Amino acid sequence: MFGAFRITSPLNGGLLWKTPWRLSKFQKYRQRQRLRAVDSVVATVDRALAKKGDTVESLERWKAEMPTEQEMLPKDKYTIFARYEKRYRKSIHKLPKWTRVSQRLNPPGY
Amino acid sequence: MSWFRITLQRSAIGLPQRTRGVLMALGLRRRTQTVFHPVSPQFAGMIMKVKELVKVEEVDQPLTAAQLREERRPDPGFYLEKAARREGGPLAGATEPEGSVRL
């Protein structure tokens with residue numbers, strides 16, 4: 001029970017840990033930068049392998065399935081599908097390790 | 001023969017053992033460490049596994065550890081007009097070519 005998600009009760013003398021339900025504009029800016037960084041890594045690897053005439057299955061799958069930062073809707077950049085939430089969406093910062101994990105796709109129609 | 005210059009930008013603390021294994025396979029032990037690997041499907045696949053943590057550049061020649069350290073060395077801010085005579089040899093970076101202007 002360590003870290004930002006410690007269960008403490010203010011009534012019992014514990015501390016209050018609060019996070020906002022949505023991202024700030026600076027967090028959104030950084031999220032866009034991170035998405036672009038991943039896109040540039042993928043592009044670099046793709047370019048380097050193409051010069052040798054090689055390719056990798058994981059690279060081809062990423063290019064086929066995943067949208068780039070430009071192609072993504074803001075809704076997909078800053079929120080994720082959540083089956084138990086009202087309207088089936090919640091903010092992406094609630095996803096553990098969200099700054100170090102690629103989460104770009106959500107079920108169609110949600 | 002081109003090389004990947006791979007730098008670890010984000011740490012793997014709290015990430016699964018598999019991801020940490022990939023970083024160890026690449027030789028990345030600590031943040032902002034840089035390694036060089038030849039361009040091949042094997043290393044490309046490893047980079048794809050940790051692409052959120054890593055910064056990649058394509059270069060012609062790999063650098064040695066000494067060269068990487070030299071890259072980080074800042075400008076000394078001085079130069080010696082006349083180095084004192086010493087047994088070991090001239091001080092590295094102290095001597096300037098004749099007629100050069102240091103701004």
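The values are calculated or read from the model by the stated rules, or taken from the named source; none is laboratory data. Everything numeric in this text was worked out from a predicted model, so none of it was measured. Here the Cβ positions follow ideal geometry from the backbone for every residue, glycine too, while neighbour counts run over all protein chains shown. Accessible surface areas use protein heavy atoms only, side chains included; no ligands, DNA or RNA. Shrake-Rupley method; radii C 1.70, N 1.55, O 1.52, S 1.80 Å.
The angle between the Cα long axis of helix B:17-26 and the main principal axis of chain B comes to about 40°, on a 0 to 90 degree scale.
Please give the contour-minus-distance gain from B:Ile13 to B:Glu87: 0.36 nm per residue of separation, less the Cα-Cα distance, rounded to one decimal in nm. Please report the intermediate quantities before stating the final value.
Details: separation 74, 0.36 × 74 = 26.64 nm, distance 4.83 nm.
In short, 21.8 nm is gained.
Inside 10 Å of the C-beta atoms of B:47-55, what's the mean count of C-beta atoms belonging to other chains?
Numbers: counts 8, 9, 1, 2, 12, 10, 4, 3, 4.
Shielding by partners across B:47-55 averages 6.
Given R₀ = 41 Å, FRET efficiency for A:Tyr110-B:Arg72 by Cβ-Cβ distance, to 0.05?
Values: r = 48 Å, r/R0 = 1.16.
FRET efficiency, A:Tyr110 to B:Arg72: 0.30.
In this assembly, the B-A interface accounts for approximately 1700 Å² of buried accessible surface in total, computed with a 1.4 Å probe and without ligands, DNA or RNA.
Measuring against 21 Å, Cα to Cα, the residue pairs A:Lys90/B:Lys51; A:Lys25/A:Lys97; A:Lys63/B:Lys49; A:Lys18/A:Lys94 contain A:Lys90/B:Lys51 as the ones spanning a longer distance. Prolate is the label for chain A. Its Cα gyration tensor axes, ordered a ≥ b ≥ c, give a/c of at least 1.5 and a/b above b/c.
Accessible area per residue, 1.4 Å probe, Å², for the stretch A:20-77: what's the number?
On the way: 3890 Å² over 58 residues.
Using a 1.4 Å probe on heavy atoms only, each residue of the stretch A:20-77 averages 67 Å².
Between A:Leu16 and A:Arg47, the modelled label-to-label distance comes to 5.1 nm, taking each label 7 Å out from Cα in the direction of the beta carbon. Residue by residue along B:34-41, Cβ atoms of other protein chains within 10 Å of the local Cβ number 3 on average.
Between the listed residues B:Ile13, B:Gln33, A:Ser24, the Cα displaced farthest toward the positive end of the dipole of the protein assembly as shown, a dipole computed from Cβ unit charges relative to the Cα centre, is found at A:Ser24. Proximity of backbone amide H atoms, modeled 1.01 Å from N, is registered between A:Arg89 and A:Ala82 at under 5 Å, excluding neighbours fewer than 5 places apart on the same chain.
In summary, the aspartates and glutamates within cross-link reach of A:Lys77, defined as a Cα separation below 20 angstrom excluding same-chain residues under 8 places away, comprise A:Asp39, A:Glu65, A:Glu69, A:Glu85, B:Glu52.
Share of carbon and sulfur in the accessible area of chain B stands at 52%, probe radius 1.4 Å. Peptide A:17-26 is shielded by partner chain Cβ atoms: per residue, an average of 0 of them sit within 10 Å of its Cβ. With θ taken as phi - 60° and the Karplus curve 6.51 cos²θ - 1.76 cosθ + 1.60 applied, the whole-hertz 3J(HN,Hα) list for the stretch A:46-58 is 4, 5, 5, 6, 5, 4, 8, x, 9, 7, 10, 5, 5 Hz, x standing for glycine and proline.
Taking all protein chains into account, the per residue accessible area for chain B stands at 72 Å² (1.4 Å probe).
Quote the FRET efficiency, to the nearest 0.05, computed for A:Met66 versus B:Gln61 with a Förster distance R0 of 35 Å and r equal to the Cβ-Cβ distance.
On the way: r = 32 Å, r/R0 = 0.92.
Calculated transfer efficiency: 0.65.
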